[in-house]
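Okay, structure first, notes after.
Each reported figure results from applying straightforward, stated rules to the coordinates on display, with no laboratory input. Model, not experiment: these values are computed from the prediction. Quick reminder, even Gly has a Cβ in these numbers, built from the backbone with ideal geometry, and neighbours come from all protein chains shown.
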Amino acid sequence: MNKIRTRFAPSPTGYMHIGNFRTALYGYLFAKKNNGDFILRIEDTDQKREVADALEKLIAIINWASFEYCEGVYLENGKIIEKGNFGPYTQSKRLEIYKKYALQLVEIGKAYYCFCTPERLEEMRQNQLAQKQAPMYDQCCLKLSSEEIKKRLDSGEKYVIRQKINTQGSTIFNDLIRGKVEIKNDLLDDQIILKSDGYPTYNFANVIDDHLMEISHIFRGEEYVSSTPKYIQLYESFGWQVPEVAHLPLLLNPDKSKLSKRQGDVAVEDYIKKGYLKEAIINFVAMLGWNPGEGSTQEIFTLSELVEKFDLAHVHKAGAVFDIKKLDWINSQWIKKLSLEELYEKSLEFFEEKEFYKNASEEKKSEEYIKKILFIEKDRLANLSEVGESNQFFFRDINFDKELLRWKDMSDDDLKKSLKKSLSVLENIIDENWTRENLEKILMESAGENRGELLWPLRATLTGEKKSPSPFECAWVLGKEESLKRIKQALGKI
RNA sequence: GCCGCGUUCGUCUAGUCCGGCCUAGGACGCCAGGUUUUCAUCCUGGAAAUCAGGGGUUCGAAUCCCCUACGCGGUACCA
């Protein structure tokens with residue numbers, strides 16, 4: 001058996017669509033699972049859609065995700081380079097190759113020159129539509145004599161090359177996910193394989209490259225199912241073996257339409273910016289359309305676990321709605337797994353973009369202080385971008401109404417007593433005993449039966465918030481000096 | 001329009017190939033209770049799918065067959 005080789009072949013559009021990202025993931029998982037090769041090829045055949053830096057961004061995301069590939073396009077020291085024996089891996093660098101094969105098809109009568117203008121084509125289509133016919137090329141240029149073709153070619157007239165489709169019978173192929181698919185050939189159009197600008201269409205380039213690069217299994221979106229017979233005819237015209245193909249289900253909006261920008265974020269970059277961990281994004285996206293089956297109830301998977309368990313038999317046929325709530329949960333699970341050091345490294349940038357952080361003192365921006373906050377926040381976070389958001393009182397002076405301090409219906413006197421008690425208890429704790437555990441132990445002991453009477457006013461005093469982490473944690477982070485200061489301030493208000 | 005693909009709790013899904021163990025399991029979310037000074041975490045429990053609908057086949061169907069509906073995709077010198 002030939003070696004398993006899969007490829008991820010995106011177009012550089014400026015961002016990584018999450019659905020595309022999943023296609024990359026599945027191709028990667030399948031290759032790794034089968035000790036095969038994973039290749040990154042760039043399909044930049046649409047010059048109109050060129051975007052600056054798109055290629056760099058694309059490769060950066062693949063690297064970020066740790067989808068290791070052994071051939072293709074790489075980013076090294078800010079430069080784009082290629083590695084591998086089947087290059088170039090950028091389609092715009094392979095124009096001569098496509099032309100050669102297109103001409104070869106012309107020679108054997110499986111393709112032909114077409115001089116029709118876009119205007120004529122458009123008019124033709126409108127007419128067909130008006131007569132309720134399927135828009136399809138009318139093969140006008142197929143009737144051209146070889147003399148005339150030569151004459152028009154020689155005169156420099158613009159042309160495209162179209163595939164001459166065999167419209168007899170039907171094409172049957174085995175989809176790795178859907179099983180047998182049958183499509184009648186008379187529905188197939190004589191598609192353009194080489195555009196007038198000399199670039200191939202995707203429909204042609206992908207066939208040539210997949211063959212030349214010895215791709216054994218093709219992973220692509222469901223939207224290509226109906227084009228597959230045309231590709232198969234191409235392989236057959238060349239006498240090439242047709243690779244295995246898996247058409248992946250779509251990712252959907254909550255209203256079940258194809259996942260689109262209008263209804264939320266579609267770029268992987270957007271989710272990174274929102275503070276989702278790569279482990280969570282991969283984990284989540286893997287489960288949209290695939291599951292380990294066999295009654296497994298595991299929800300959290302590492303990349304290598306996915307490699308180990310991935311199986312085409314359990315890839316779904318139907319599209320999956322992208323449910324951000326579940327992503328949040330998966331992300332929170334992954335955040336809990338992070339060490340404090342890792343959490344700090346990953347979340348620092350999210351602190352740095354916030355006003356309350358920028359305005360804080362140097363001491364409060366220190367690694368030590370931030371790490372204390374993170375220690376407390378770790379179990380409360382759904383994503384990194386909300387870090388510190390609900391704990392801003394750690395960074396700035398607080399202001400609040402005295403009523404906030406009152407526990408149930410306690411009197412002002414009792415409130416005062418409560419805070420004074422906290423004050424004296426905390427004053428007596430020496431600096432080296434100012435630990436989270438110790439604060440909890442001592443305060444709980446002092447609180448006795450009616451904990452709320454001591455703990456609620458203290459917590460409200462330290463935070464100025466209705467909701468917050470526990471007073472022990474808050475006092476620990478704020479430190480002795482600041483804690484005492486805040487209690488004294490509150491006492492002044494009563 | 002035509003063609004293709006799909007359809008199990010609100011969502012992600014198990015089960016479908018090889019009919020009976022499915023009075024359909026898990027997870028997210030939701031609701032309730034517990035732990036708790038508050039929030040969150042955590043724990044326990046609950047509601048939630050007549051398996052799109054209808055016909056078959058069968059002793060028996062979510063599972064096999066047919067039809068219908070609905071959804072999605074394709075029908076480009078876009079990928």
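General remarks:
- Angle between chain A longest axis and helix A:471-493 axis [Cα atoms, degrees, rounded to 10]: 50
- Along the axis of the charge dipole computed for segment A:432-480 (Cβ charges of +1 for Lys and Arg, -1 for Asp and Glu, origin at the Cα centre), the listed residues A:Trp476, A:Thr463, A:Leu443 are led at the positive end by A:Thr463.
- The listed peptides A:365-378, A:257-270, ordered by packing as a protection proxy, come out as A:365-378, A:257-270 (highest mean of other Cβ atoms within 10 Å first).
- Fraction of beta bridges assigned by DSSP in chain A that are antiparallel (%, nearest 5): 60
- The string of couplings for segment A:143-158 from the Karplus curve (6.51, -1.76, 1.60, θ = phi - 60°) is 7, 5, 6, 5, 5, 5, 4, 4, 4, 5, 5, 4, 7, x, 5, 5 Hz, one whole number per residue in order, with x for Gly and Pro.
- Directionally averaged projected area (convex hull, Cα atoms, segment A:247-368), nm²: 9.5
- Put in line by how crowded their Cβ is, counting other Cβ atoms within 10 Å and starting with the fewest, A:Thr435, A:Thr45, A:Thr201 read A:Thr435, A:Thr201, A:Thr45.
- Among the listed pairs A:Lys466/A:Lys493; A:Lys195/A:Lys317; A:Lys417/A:Lys441, those whose Cα-Cα separation exceeds 22 Å are A:Lys195/A:Lys317.
- Put simply, the amide H of A:Asp175, placed in the peptide plane, has neighbours under 5 Å in A:Lys180, A:Val181, leaving out anything fewer than 5 places away on its chain.
- Placing +1 on the Cβ of every Lys and Arg and -1 on the Cβ of every Asp and Glu, with no other charges, gives segment A:402-493 a dipole of roughly 340 debye about its Cα centre.
- Cα-only radius of gyration and Dmax that characterise segment A:402-493, units Å: 11.8, 36
- GluC sites (Glu not before Pro) restricted to segment A:167-222 and DSSP loop, no more than 13 other C-beta within 10 Å: none
- Against chain A, whose longest principal axis is taken from its Cα atoms, helix A:340-352 shows a tilt of about 80°.
- Amide H contacts for A:Lys258 (H built 1.01 Å from N in the peptide plane; partners 5 or more residues away or on another chain; cut-off under 5 Å): A:Asn253.
- Coupling constants for segment A:410-419 follow from the phi torsions by the Karplus curve (6.51 cos²θ - 1.76 cosθ + 1.60, θ = phi - 60°), and in residue order they are 5, 7, 4, 4, 5, 4, 4, 4, 4, 5 Hz; glycine and proline get x.
- Among the chymotrypsin sites (Phe, Trp or Tyr not before Pro) within segment A:227-319, not one is in coil by DSSP while having at most 11 neighbouring Cβ atoms inside 10 Å.
- Seen through its C-alpha gyration tensor, with square-root eigenvalues sorted a ≥ b ≥ c, segment A:334-446 comes out prolate because a/c lies at 1.5 or above while a/b is bigger than b/c.
- Total charge dipole magnitude, chain A, about the Cα centre, Cβ charges on Lys, Arg, Asp, Glu only, Debye to nearest 20: 780
- Gyration tensor (alpha-carbon) shape descriptor, segment A:94-205, a/c threshold 1.5: oblate
- Lacking any other cysteine beta-carbon closer than 4.7 Å, the following Cys residues of chain A have no compatible partner: A:Cys70, A:Cys116, A:Cys140, A:Cys474.
- If you wrap the Cα atoms of chain A in a convex hull and average its projected area over all directions, you get 32.3 nm².
- Relative to the longest principal axis of the Cα atoms of chain A, the long axis of helix A:451-463 lies at roughly 60 degrees.
- Residues in segment A:104-116 carry Karplus couplings, in order, of 4, 5, 4, 4, 8, x, 9, 7, 8, 6, 9, 10, 5 Hz; the curve used is 6.51 cos²θ - 1.76 cosθ + 1.60 with θ = phi - 60°, and Gly or Pro positions show x.
- Amide H contacts of A:Leu194 (H built 1.01 Å from N, under 5 Å, at least 5 apart or other chain): A:Ile161, A:Thr201
- A:His316, A:His211 arranged by Cβ crowding within 10 Å, fewest neighbours leading: A:His316, A:His211
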